[in-house]
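**Q** This is the structure I want to talk about, given as structure tokens.
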Amino acid sequence: MTDDVRFEVQGAIGCITLDRQRALNSLTLEMIRAMQVQLDAWAEDPNIGAVLIEGAGEKSFCAGGDVVSVRRSRLEEGETGKPTKLMLDFFGEEYRLNRSIADYPKPYIALLDGVTMGGGVGISVHGSFRIATERTLFAMPETGIGLFPDVGGGWFLPRCPGELGTYLALTGAPVKAADCLYIEAATHFVPSDRLQALRAELLSLDLKQDAAGRISVLLSEHSVSGGDATLSEHRSIIDSAFAHDRIEDILGALKAAGGSFCDETAAMLEHRSPTSLKVTLEMVRRGARCASLAEDLEMEFTMVQSFMIAGDFFEGVRALLVDKDRAPKWSPPTLDAVTPEAVAAYFSPAGKIGL
């Protein structure tokens, strides 16, 4: 279906390799569709005991979704007051894939060696085992492009310890392996120079019985300490400041506390889309009350349809990924101009994806 993702069976494991290195293995709609078809087939194949997913090259596992193509579809179709077909297909099918991974009947192992952001988080964090390395760079940076941390972010982030998920959702701050372990985005840490040995042993496992148990034992044998988590050093102020339910109050708490971390965090927030910040905070709070990932993903699909007819997403992608001037002009440009009614509208009923 596409040359950007490869599938092969080695031993008892179905192997997925994302191979779009020029775009840091970012997901296209064709890749998403190919992965769904293959995962469905392997789920029914008695010879497959587990799935292993990795990114080609040494830079990236998966840097996200192909939002540039999503933006292009709007430019080609013009302003119609509704999402384009590509938008609906891309996000709807991506969210279905996330749900499939979460509910997969066999162990799903992701090697997070390199950049793991946005859509890359969605095809890893919901799986059984997530292996970080010293090259892992993990983030949900969507508020910086006028979107929100989707692909199940509304489910995963509120369930991080304390308010760490709220902090990561709003700031989009990148973190490394030790922090991935701390927030449970990763289950194991294996140095990159040991990955080939780990991979070879995984592929030689007999997975006819207790596949998850045997994989877990092998991963534990290869795992080492990921070091100290940077987030733990700032846990107190994060839990305090990000417990507020208004962005203005979060900023006020950070500025009142002072210090380099708080100043840098406040500066990050002040450069994000005001609309994205307010809608994302509401999503995190609502996501904490969701009963399942499926319920959260339905909420996110409603949200994303509203974002696809607003302006900040297209401006953010232009500024950061197309023209790369890093000077987006958000609309509205200030937090106080984003009313509670405007935020609530992003959660109004829209089309469903049937999860």
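The values are calculated or read from the model by the stated rules, or taken from the named source; none is laboratory data. On a predicted model such as this, the values are computed, not experimentally measured, just so you know. Because the Cβ atoms are built from the backbone with ideal geometry, glycine has one as well, and the counts that use them run over all protein chains shown. Please note that ligands, DNA and RNA were not included when accessible areas were found on the heavy atoms of the full protein model with its side chains. Shrake-Rupley method; radii C 1.70, N 1.55, O 1.52, S 1.80 Å.
**Q** Here are Thr166, Thr84: which of them is of a type in the set (Ser, Thr, Tyr) and in contact with a Lys or Arg (Cβ under 8 Å, 6 or more places away or on another chain)?
**A** Numbers: Thr166 fails: in contact with a Lys or Arg (Cβ under 8 Å, 6 or more places away or on another chain).
Only one candidate qualifies: Thr84.
**Q** Pairs needed: first member in the range 339-350, in contact (Cβ under 8 Å) with a residue 24 or more places away in the chain and under 16 Å from Asp296 (Cα atoms); second member anywhere, part of a helix (DSSP H, G or I) and aromatic (Phe, Trp, Tyr); C-beta distance under 8 Å; at least 6 residues apart or different chains.
**A** Correct list of pairs: Tyr346/Phe307; Ala350/Phe301.
**Q** Looking only at the range 21-37, count how many residues are open to solvent by 20 Å² or more (accessible area, probe 1.4 Å) and under 12 Å from Gly120 (Cβ atoms). Break it down stepwise before answering.
**A** Taking the range 21-37 and keeping what is open to solvent by 20 Å² or more (accessible area, probe 1.4 Å), we get 21-24, 30, 33, 36-37.
With the extra rule that they be under 12 Å from Gly120 (Cβ atoms), the set shrinks to 23-24.
Within the range 21-37, residues that are open to solvent by 20 Å² or more (accessible area, probe 1.4 Å) and under 12 Å from Gly120 (Cβ atoms) number 2.
**Q** If you don't mind, another one. For a quick check of your reading: which helices (runs of 4 or more DSSP H) sit entirely within the range 255-355 and have at least 1 residues that are exposed (fewer than 15 other Cβ atoms within 10 Å of the Cβ)?
**A** Working: elements: 260-270, 274-289, 293-307, 312-317, 340-345.
In the range 255-355, the matching helices (runs of 4 or more DSSP H) lie at 260-270, 274-289, 340-345.
**Q** Select, from Val125, Val115, the only residue that is under 21 Å from Ile32 (Cα atoms), of a type in the set (Val, Ile, Thr) and open to solvent by 20 Å² or more (accessible area, probe 1.4 Å).
**A** Values: Val125 fails: open to solvent by 20 Å² or more (accessible area, probe 1.4 Å).
The match here is Val115.
**Q** Every residue in the range 203-252 that is of a type in the set (Asp, Glu), surrounded by fewer than 14 Cβ atoms within 10 Å (Cβ to Cβ) and part of a helix (DSSP H, G or I), please. I'd like the intermediate steps shown before the answer.
**A** Within the range 203-252, the subset of a type in the set (Asp, Glu) is 206, 210, 221, 228, 233, 239, 245, 248-249.
Now narrow it down to the ones that are surrounded by fewer than 14 Cβ atoms within 10 Å (Cβ to Cβ): 206, 210, 221, 228, 233, 245, 248-249.
Across the range 203-252, the qualifying residues are Glu221, Glu233, Glu248, Asp249.
**Q** Regarding the range 132-148, can at least one residue be identified that is without any contact (Cβ under 8 Å) to a residue 12 or more places away in the chain and open to solvent by 10 Å² or more (accessible area, probe 1.4 Å)?
**A** Taking the range 132-148 first, the residues without any contact (Cβ under 8 Å) to a residue 12 or more places away in the chain are none.
Among the residues of the range 132-148, not one is without any contact (Cβ under 8 Å) to a residue 12 or more places away in the chain and open to solvent by 10 Å² or more (accessible area, probe 1.4 Å), which makes the answer no.
**Q** Could you identify the single residue in Ser100, Ser73 that is surrounded by fewer than 24 Cβ atoms within 10 Å (Cβ to Cβ) and under 28 Å from Ala211 (Cα atoms)?
**A** Ser100
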